[in-house]
1. How large is log10 I(q)/I(0) at q = 0.14, 0.15 Å⁻¹ when the Debye formula is applied to the Cα atoms of segment D:118-182, each weighted equally and without solvent?
2. Per the helix-only calculation at 222 nm, which mean residue ellipticity applies to chain A, given -39500 (n - 2.57) for every DSSP H run of n ≥ 4 and division by its residues, nearest 500 deg cm²/dmol?
3. What is the angle, in °, between the Cα long axis of helix D:17-26 and the longest principal axis of the Cα atoms in chain D? Nearest 10 is fine, range 0 to 90.
4. Whole-Hz ³J(HN,Hα) for each residue in segment C:315-326, computed from phi via Karplus 6.51 cos²θ - 1.76 cosθ + 1.60 with θ = phi - 60°, x for glycine and proline: what do you get?
5. Find every distance from the label point of C:Pro275 to the corresponding label point in the other copies (7 Å from Cα along Cα→Cβ) and write them in nm, one decimal, shortest first.
6. For Cα pairs less than 8 Å apart in space and 6+ apart in sequence, what is the mean separation divided by the residue count of segment B:108-238, i.e. the relative contact order in percent?
7. Have a look at the DSSP beta bridges in segment A:120-211 and tell me what percent are antiparallel, nearest 5.
8. Can you list the residues, at least 5 places off or on another chain, whose amide H is less than 5 Å from the amide H of D:Ile82, using H built in the peptide plane?
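The values are calculated or read from the model by the stated rules, or taken from the named source; none is laboratory data. What you are looking at is a predicted structure, and each value in this text was computed from that prediction instead of being measured. Virtual Cβ from ideal backbone geometry, glycine too; neighbours counted across all protein chains shown. Note: areas computed on protein heavy atoms with side chains; ligands, DNA, RNA excluded. Shrake-Rupley method; radii C 1.70, N 1.55, O 1.52, S 1.80 Å.
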Protein chains: 4
Amino acid sequence: MATRKSFASDNHAGAHEAVLRMMARANAGDVASYGDDAWTERACASIQELFGASGGVFLVFNGTAANVLGISLLLRPYEAVILPEGAHLNVDECGAAERVLGSKLLAVPTPDGKLTPALIAGRLGDRGDVHRAQPRAVAISQVTERGTCYTLEELRALGVFCRSEGLRLYADGARLANAAAWLGCSLAEIAGFVDVLSFGGTKNGAVGAEAVVVMAEDLMPGVSFLRKQQMQLASKMRYLAAQFLGLLEDRLWLRNATHANLMARRLADGVRGVPGVELRQAVESNAVFAALEPAHIERLQSEWEFHVWDDATHEVRWMTAFDTTEADVDAFAAAVRMTAPNGSRASFT
Amino acid sequence: MATRKSFASDNHAGAHEAVLRMMARANAGDVASYGDDAWTERACASIQELFGASGGVFLVFNGTAANVLGISLLLRPYEAVILPEGAHLNVDECGAAERVLGSKLLAVPTPDGKLTPALIAGRLGDRGDVHRAQPRAVAISQVTERGTCYTLEELRALGVFCRSEGLRLYADGARLANAAAWLGCSLAEIAGFVDVLSFGGTKNGAVGAEAVVVMAEDLMPGVSFLRKQQMQLASKMRYLAAQFLGLLEDRLWLRNATHANLMARRLADGVRGVPGVELRQAVESNAVFAALEPAHIERLQSEWEFHVWDDATHEVRWMTAFDTTEADVDAFAAAVRMTAPNGSRASFT
Amino acid sequence: MATRKSFASDNHAGAHEAVLRMMARANAGDVASYGDDAWTERACASIQELFGASGGVFLVFNGTAANVLGISLLLRPYEAVILPEGAHLNVDECGAAERVLGSKLLAVPTPDGKLTPALIAGRLGDRGDVHRAQPRAVAISQVTERGTCYTLEELRALGVFCRSEGLRLYADGARLANAAAWLGCSLAEIAGFVDVLSFGGTKNGAVGAEAVVVMAEDLMPGVSFLRKQQMQLASKMRYLAAQFLGLLEDRLWLRNATHANLMARRLADGVRGVPGVELRQAVESNAVFAALEPAHIERLQSEWEFHVWDDATHEVRWMTAFDTTEADVDAFAAAVRMTAPNGSRASFT
Amino acid sequence: MATRKSFASDNHAGAHEAVLRMMARANAGDVASYGDDAWTERACASIQELFGASGGVFLVFNGTAANVLGISLLLRPYEAVILPEGAHLNVDECGAAERVLGSKLLAVPTPDGKLTPALIAGRLGDRGDVHRAQPRAVAISQVTERGTCYTLEELRALGVFCRSEGLRLYADGARLANAAAWLGCSLAEIAGFVDVLSFGGTKNGAVGAEAVVVMAEDLMPGVSFLRKQQMQLASKMRYLAAQFLGLLEDRLWLRNATHANLMARRLADGVRGVPGVELRQAVESNAVFAALEPAHIERLQSEWEFHVWDDATHEVRWMTAFDTTEADVDAFAAAVRMTAPNGSRASFT
């Protein structure tokens, strides 16, 4: 296992020092528990303002919990959520939604991780049929699982479509900062089209903290009870708040995301043209998806850490983070080149 | 709201500096996520050794989650858990167990927060009756909700009884350190009679971290999946681990608990004999339960923060923590005396 | 085991012949499935009219299902239902409510099976406390588990109290016909104070059919989906409908209930004054609760079938049904007398 | 709406007279409730013998419930079931499995409704990955949703594969009788390769009754509690039992199924060669799937009742039942011919 900078995931990175410093500052003295404190009030108010949220902000421990809490605001027991087949909520949360919400997930195949009004419309045929779970919410990810971003225009189209169809829209924003950095827009602009979304701190330089942002005021009743019931109410909430305050100060969240995105772009540029390496998705965040020959992957993994995304297509995912350096990227890109099959496809099995 | 040391809860305290220091140390460099790292390995191995656990150790974010995960190892869907009516799991977790586990809680009234074999036996009559949820596990708290501790003899009796009845035994150890400090025994001695228990870090000086300790090896299959499904798998697990490593170093956990217990005892001693103040439970941990006249409570709360435990009986709960000082206690005890009804019961309504 | 008429339960009785005849009539020809047929339309419209329900009527298979479906209309996931400790929903449905609804049941001890505004008020203290499941509905049984009936005045008081407290009121009407017969009032008069209730067919002479009556129109959205999701949508619904049509014709439901009640009263009268036999509840339906000496119970059970309700208090329950005859009652009462301890309490242990 | 024999569903048919007669016979006298009676004992023993089941037999009200109960025996909370995308359990039960079991369904696209070892293998890649619900069971339908039947050889292959992979196999047998009739084999031969299956009575001529057959003895603990908890325990169980006894007598179940299959085959033969009518699945049970021009469908539906299965492909489903007559089929086939587009494809839009 490499001691080098990993390209496996942005959660292999540590926390930003500003985050740890703010936690240390929050440590002084007695503070009321369960969020009834000034640190939490300040963090939540700041996030609410950033998003222009009419509802409120609720801090939780991790991304799975943020998704489940967010979706739980939108569904009655017999209602279902439409989402991309590869959504984290669908494939990477060990059935948490089914267990905790008891809701059906209506998965839609999509090559770039994005839903469209047409794709959603294709799952609405069951409405009113008593034998079918009733589609009531749509869940997207911004950034998507494939590293792509919805444009504001695409988001607007989804928002308009959902509203016209009586559907609620949720956005998994585990990497929302990276999307804002890519789009060059405010968080409020992204959030303006959705009902509820998460704002990820963890992958952006926190120790472990996510915010559920409730845009629509009518969804507020019950959120705090649902968070508690879903086992996400921190007793010493000040430390979750402090993490966000650390990220919010001087827009560290945006600087971190911008840097990580830049590193992904630098990596993509650095491997372009390497024989047998094919970029597979537009690089719109801090992820690079590429197809490599299996033997190439193997050689590269002997020295560097990253995930094979799809065995069948020999696709790998390279993630950068706020603390990835240009030197890290350049060394890794050099390794990609050096381990490449010299243009010879003969070794390909 | 007082800026003075609160006696409301041990989770009003901050984190111990050694905990924060260890988190800062853990911050260096890339580390594998989801617990596949050396920090987690070391913390879990240390805890497992402390408890003499044949199974394993699983870190989670908070006490509610630890209880739900722990209980989830013990029950099939139609099985129920017997617990004291006032158990945190029953009254203070917003129905998390019912929601996440779908299990019935069989609550038993008990004045001092403790279950006994006889009390448990009283709930076993429904066994085999197809209309009744089947008792399969027993959940106790050590320290109990009322600040009392099971003696090792009582634990042994419960363990023997449960085994003989085919029941599994779970212990909510949110304040397990305080119990060990009070009993003057090892964690392994306490844990030897149960199947699963939690080991609380948060109230003992952590930022927010609890461990689920699986004593019985046959309960291990599936725990890691259940933790993930229950939304308690930290991506940057190293920081949960570091908190425990901070507490484990030089037995800080025991020193913290011993000190908190001592402060509670000092407080109990300090208010003994104050007119109208009646201690209501044996002081065996870091909690003091006392009955006061309502007007006395009111006067005291104008300056000091603490919870009224039971309105009907005018009972209050005073909690100490690892960072409560002798001066804090003495000042508070003095305030209790000064606001006392001068021996005149006339004001009592 | 006796081949004599059982006094164990009103579900030991068969179905009334009029019910079977109506099922046979419904058997002719093709009929649309899942309730989209004329039989179902007629049965539901008739029941709706009988109850003066603004909402609608939904047929299900059994009483547990009726209770769970009814309660599911009233609660969000973090909300709880207040009910008598001995309620069928709480003790005799194997945790179905916890499993299917994921909701917490807040059980209140009550000697005669009845809730009062005061008893309910005692469980409302947790409102607004984020750690507590939020009381949102009240569930009563009419007839109660102890064979008693709420008077219309008591129902009105409960209804007014619930409305004033923002609570919804559900009534388990597995034996609602018996209550109407006892009170000498219409079903609409009973139902006027509740939001949802069940109307039991099974114990009243059906093969197996219960109706969920939704009084409040605002609760209607989703009921049909919830019934399907809760596995209670009959494909050949006409046969559930036909059972009710059989019971509704010439008010058979009321005649059956009146007769069963009369038989219980006759039995109570027949055993009054028998040495060692003490009636324990007012006989207001088709149940007689009595305390007997253990040896007396044993002698009686060697020939007759009935349930011991409470081992500790030697209390038994004797149920009559629509098909219990005066001769059955007289023979059983004679047996009670003949097996009585001759006035000698010496044998009582 | 036609008063003619419907080809919409086999649950539009009534009950066979022998079933009603047996229910009437079962009506005599007092009988113990909840299945503790001779009728139930006899029905369950007979079914168990027919299937050669080492476990036991449990009667429930409908097919959805049978599927959910059956699957509930096979999964722990974090485990998932692999099934065909079009499975009833997946699309036609309004999310009952997700709600009641909390389990993830792993849906596999399949053109003819059948799973194969290769298709199952394709979903096993997530094993051991803590972020993924763990595949633990496979659910097939025999007859499938598309009217096709697994051969015994195919079943054996599935059974062997599942066993070798540590997977449990469930079969939805809502139309199992039709499969046995088609394959010309015993129920035991079909059941020999699965762990649990349902045996449908309703579509075969019952009023409404399904049996869950537990083949594997190790799955027995808890089934009766799960049935109760899942709201499927009939109080007057004798009437569910009587329905099956009616179907079992003189192998009525097989005669009914054989006849229904024959009628489907007659229909398929009758429409073969009609211009614009294309049979879409092998006719191996009592269903005929055909693609028709939309205008043709419309003309035909103005007189006859049946379902459009897939709007996109203009595919319809024609079901026969035990009471479909040759005259019904011939009249319908004639209507198909008479409403056909005269070989002219011009009208096709």
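1. Listed by q, the Debye log ratios stand at -0.47, -0.53.
2. On the way: 13 runs with 128 residues, N = 349.
It comes out at -10500 deg cm²/dmol, rounded to the nearest 500.
3. 30
4. 9, 10, 10, 10, 9, 10, 9, 4, 9, 6, 9, 4
5. Spelled out, the distances from C:Pro275's label point are 6.2, 9.8, 11.0 nm.
6. 18
7. Numbers: 2 of 9 bridges.
In segment A:120-211, approximately 20 percent of DSSP beta bridges are antiparallel ones.
8. D:Leu106, D:Arg136, D:Ala137, D:Val138, D:Ala139
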